[in-house]
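Heads up, the thing below is written out as structure tokens.
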Amino acid sequence: MNFRPYRTQRDLAEDFGLNYKTIAARLKELRELSGRYGTRSVIDDGNIVLVYFPAFADYLSNRRMLLDKNLSKFVKPYDPGEIIRELGMREWEAEPAPPQKIDKEELRKAVREILMEGIA
């Protein structure tokens, strides 16, 4: 899976295995929940529609409850950080770690030790 925070409708249809029209219908519903997801969860500029992936994933998983006036009070608050962690999208959480310098001599010792254990 590609780790871009914003996806097109076609990307979402492919990611979730849904029809493009189903995605369009869900986005219409999601737009109405700007109080929960914020105004930037769906960026709509005419023919360009981009959707914040964690917001869409949260909406799909809680959709039935969110559409019910009584049940919507019991839906957990939206936490994009939690969704990112659950889906294994750690690339979004922080800056990439700087490359570490490898000590070749230490690596040789470790490989030699592992090989000797395997022979014994």
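Looking for something over 16 Å from Arg7 (Cβ atoms), out of contact with any Pro (no Cβ under 9 Å at 6 or more places or on another chain) and of a type outside the set (S, T, N, Q) - is there at least one such residue anywhere in region 46-57?
Going residue by residue through region 46-57, those that are over 16 Å from Arg7 (Cβ atoms) are 46.
Checking which are out of contact with any Pro (no Cβ under 9 Å at 6 or more places or on another chain) leaves us with 46.
Subsequent filtering for residues that are of a type outside the set (S, T, N, Q) retains 46.
Yes: region 46-57 contains one or more residues that are over 16 Å from Arg7 (Cβ atoms), out of contact with any Pro (no Cβ under 9 Å at 6 or more places or on another chain) and of a type outside the set (S, T, N, Q).
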Would you kindly identify the helices (runs of 4 or more DSSP H) lying entirely within region 23-110 that contain at least 3 residues that are surrounded by 14 or more Cβ atoms within 10 Å (Cβ to Cβ) and either at pLDDT below 95 or of a type in the set (Asp, Glu) (or both)? 53-67, 80-86
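The values are calculated or read from the model by the stated rules, or taken from the named source; none is laboratory data. Predicted, not measured: the structure shown is a model, and the values here were computed from it. With ideal geometry, Cβ positions are generated from the backbone for all residues, glycine too; neighbour counts draw on all protein chains shown.
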